[in-house]
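The values are calculated or read from the model by the stated rules, or taken from the named source; none is laboratory data. Everything numeric here is computed off the predicted structure, so don't read it as measured data. Heads up, the Cβs are rebuilt from the backbone with ideal geometry, glycines too, and the neighbour counts pull from every protein chain shown.
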């Protein structure tokens, strides 16, 4: 504040919170799947936390996987000692967490209210390799999609200051001002504006904007061929089909076959979800599919 009463705005340096949000997503996903004991550490040092050690190896391996994925069937051409070492270290750390969780479940009483998603598998499956593979499968689906969604949520909130106040009021009305209390499922389901905001964030900024599938058999698409695009398109076996969820979610077309957003498609508007049935309809006609659908639906959506 200057002497004349005018306010001076100082430039605030930008902060990259992506890695922090991805680490948070990793911890939450691990705790959800294996329980809070999986992230336990024998020392007080933060760098000794299981998630920190695992994240280092996981991120290294994932960078290599991303490169290999671009080559599709020629993925084997990209390989290296760093990649193999990171994969081996990550598997070892998961085995460590699984063993800790299995021991914790043996000590748990029936009155314990903590929910562990893989509890049945941990109790009944004698082969730890199977548990490890199931955990890695779910972690790959849940960690990045949830982490990137958190990134886009902060970005969307930074562009919609009025919406921040609306959401804050709804949350305070539901759970009060006690920031240490975790909302229940019933309380979360009552936060309509928050659900609409997350749905709109997923529409505008889907965690996986571009994806692809390879056809296992010869098939066809109902539209897209011919001079006017209304004829079927032949898809031979082994064809790589790429599609953009980002483009579909911002389509201005108003037909049920391709988008339902009209001229406001590029506008961030949570009111478009006022009709609770609209999301179900749009997921049926594929005009809204942030986590795809069908038997190959991304597990991150759950």
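For this structure, a couple of remarks:
- Residue ID - modelled with the highest pLDDT, chosen from residues in region 270-302 that are within 27 Å of residue 166 (Cα to Cα) and exposed (fewer than 14 other Cβ atoms within 10 Å of the Cβ): 271
- Residue list for region 123-181, filter: closer than 18 Å to residue 192 by Cα and either assigned to a loop (DSSP other than H, G, I, E, B) or in contact with a strand residue (DSSP E or B) (Cβ under 7 Å, 6 or more places away or on another chain) (or both): 160, 176
- Output for region 64-81, where each listed residue is in a helix (DSSP H, G or I) and either surrounded by fewer than 12 Cβ atoms within 10 Å (Cβ to Cβ) or touching a helix residue (DSSP H, G or I) at 6+ places or on another chain (Cβ under 7 Å) (or both): 64, 66, 68, 69, 70, 72, 73, 74, 75, 76, 77, 81
- Put simply, of 175, 241, 171 the only residue that is surrounded by 11 or more Cβ atoms within 10 Å (Cβ to Cβ) and in the same structural domain as residue 276 (by TED's automatic domain parsing) is 241.
- Selected residue (criterion: nearest to residue 166 (Cα to Cα)) from residues of region 252-269 that are at pLDDT 80 or above and surrounded by fewer than 17 Cβ atoms within 10 Å (Cβ to Cβ): 269
- Candidates 263, 271, 280 - the one that is more than 25 Å from residue 139 (Cα to Cα), out of contact with any strand residue (DSSP E or B) (no Cβ under 9 Å at 6 or more places or on another chain), part of a helix (DSSP H, G or I) and touching a residue at least 60 places away in the same chain (Cβ under 8 Å): 271
- Here region 180-197 is the region considered, the condition is being modelled with pLDDT of 90 or more and in contact with a helix residue (DSSP H, G or I) (Cβ under 7 Å, 6 or more places away or on another chain), and the residue that is surrounded by the most Cβ atoms within 10 Å (Cβ to Cβ) is 197.
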